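What follows is a short report on a single structure.
The values are calculated or read from the model by the stated rules, or taken from the named source; none is laboratory data. These numbers come from a predicted model, not from an experiment. Ideal geometry is used to build each Cβ from the backbone, glycine not excepted, and the neighbour counts take in all protein chains shown.
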Amino acid sequence: MPELPEVEVVRQGLERHVVGRTIGSAQVLHPRAVRRHAAGPGDFSAALTGLTVAGARRRGKYLWLPVAGRTPGAAGDGLLSPAEDALLAHLGMSGQLLLGDPGRPLSPHVRVRFTFTDSGPDLRFTDQRTFGHLAFAPGGAVLPPMIAHIAPDPLEPDFDEAAVIGRLRSRRTGVKSALLDQSLISGVGNIYADEALWRARLHWATPAASLSRAAAGRLLAAVREVLGEALAAGGTSFDRLYVNVNGESGYFGRSLAVYGREGEPCPRCGTPIRRDPFMNRSAYSCPACQPRPRRRARRAGPA
Ligand SMILES: [Zn+2]
C-alpha cells in the first residue's frame with residue numbers, strides 16, 4: 001500500500017511530466033475508478049477534456065492536479081486562466097499512475113487513461129484492486145472540498161507543529177493511534193508510525209496525553225525524519241517514465257529498524273524486536289528501547 005513518501009514520489013513525477021500539458025481525452029475504462037464522481041464517468045471525461053494541468057499537489061496520501069482552461073479566441077493555445085478546479089486522485093491499495101507511449105497496448109488493469117494534445121506520453125491510472133479512485137473536484141484547485149477534513153501532513157509547508165503537539169497531547173488514545181488519525185496528522189501509515197516511535201523511544205501504547213511537550217516534539221521530528229529519508233530513497237523512479245508506487249521504494253527492507261522485523265535484533269541495542277497485535281494489524285517495537293508504559297492515573301489534561 002503506497003504511503004506518503006511513495007505518493008510524494010508520484011506527485012513529483014506528475015509535476016515533472018504532466019504539468020503544463022493539455023488533456024486531449026479522459027477515457028474511463030472502469031466506472032468504479034470514478035465512483036466518487038457523482039455525475040458519472042461521462043461527466044468526468046467531459047469536465048476534464050481540454051483543460052491544462054496547472055500543478056501537482058498532495059496532502060497525506062491524496063494527490064490533486066489543479067486544472068485550468070485557456071481563454072478562447074486567442075491565437076495558438078491562448079492564455080491560461082487561473083486554475084479553479086482539480087483532478088483528485090487516491091491510489092488506494094494498489095493504484096499506480098503510469099506514463100507511457102500512447103501506442104503501447106493498455107494493460108487489463110488500466111481504469112482511466114488520459115491522452116494529451118501534445119501527443120506525448122499518456123497517463124494511465126492502473127489499479128488491480130480498484131480501491132483507488134479519481135474525481136473531478138470543482139473549486140478544488142487550492143484544496144478539494146472532499147479532503148478538507150484531512151489534517152496537513154508533516155511535509156507540508158503549512159504544517160503547524162505547535163498546534164499539532166497541543167492536539168496530540170489532548171488525545172485520549174495511545175500515541176500510535178493518534179499518529180494514524182488523519183484528522184490530527186495525515187499521511188502517517190503503520191510502517192512509518194512504528195519507525196518514528198522507535199526513533200523517539202516511545203511504546204506504541206503510551207497514552208498520548210502523558211507525553212511532555214518536548215517528547216511530543218521529538219516524536220514529530222522523528223516522523224518527519226523517517227518520511228524524509230523514505231522520500232529520498234524512493235525519489236527517482238519516475239525518471240524511467242514508470243512508477244511502481246506499489247512496489248518496493250528503496251527504503252523498504254533496508255532501512256526499517258523495527259517494522260516487519262519480529263525476532264530480529266534491535267539496531268540500537270540488539271534486543272529481539274517484538275510484534276503486538278494492533279487494530280487488526282501489528283505494532284513492532286523494541287522491548288528494551290520502548291518499554292511499555294506502566295499503568296497509572298493519567299495526568300489531568302495537558303500541562
Ligand atoms: Zn532496542
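Tell me, which residue of the stretch 267-288 that is surrounded by 21 or more Cβ atoms within 10 Å (Cβ to Cβ) and not in a strand (DSSP E or B) is nearest to the ligand (Cβ to nearest atom)? So, considering only residues that are surrounded by 21 or more Cβ atoms within 10 Å (Cβ to Cβ) and not in a strand (DSSP E or B), the one nearest to the ligand (Cβ to nearest atom) is 286. For the stretch 20-56, which residues satisfy the criterion of being within 19 Å of the chain's Cα centre (by Cα) and in a loop (DSSP other than H, G, I, E, B)? Those that are within 19 Å of the chain's Cα centre (by Cα) and in a loop (DSSP other than H, G, I, E, B): 36, 55, 56. When you go through 166, 263 one by one, which is the residue that is surrounded by fewer than 18 Cβ atoms within 10 Å (Cβ to Cβ), of a type in the set (Gly, Ala, Ser), touching a strand residue (DSSP E or B) at 6+ places or on another chain (Cβ under 8 Å) and modelled with pLDDT of 90 or more? Of the residues listed, the single one that is surrounded by fewer than 18 Cβ atoms within 10 Å (Cβ to Cβ), of a type in the set (Gly, Ala, Ser), touching a strand residue (DSSP E or B) at 6+ places or on another chain (Cβ under 8 Å) and modelled with pLDDT of 90 or more is 263.
Which residue, of 80, 134, 99, is touching a residue at least 40 places away in the same chain (Cβ under 8 Å) and out of contact with any Asp or Glu (no Cβ under 9 Å at 6 or more places or on another chain)?
Just one listed residue meets the conditions, 134.
Suppose the filter is in contact with a helix residue (DSSP H, G or I) (Cβ under 8 Å, 6 or more places away or on another chain), of a type in the set (Ser, Thr, Tyr) and at pLDDT 90 or above; does residue 45 pass it? Lay out the reasoning, then the answer.
Numbers: in contact with a helix residue (DSSP H, G or I) (Cβ under 8 Å, 6 or more places away or on another chain): no; of a type in the set (Ser, Thr, Tyr): yes; at pLDDT 90 or above: yes.
No.
Select from the stretch 43-61 the residues that are out of contact with any Pro (no Cβ under 6 Å at 6 or more places or on another chain) and not charged (D, E, K, R) and list them in ascending order.
Of the residues in the stretch 43-61, the ones out of contact with any Pro (no Cβ under 6 Å at 6 or more places or on another chain) are 43-53, 56-61.
The answer is 44, 45, 46, 47, 48, 49, 50, 51, 52, 53, 56, 60.
Going through (1) modelled with pLDDT of 95 or more; (2) surrounded by fewer than 15 Cβ atoms within 10 Å (Cβ to Cβ) one by one, residue 157 falls short only on (1).
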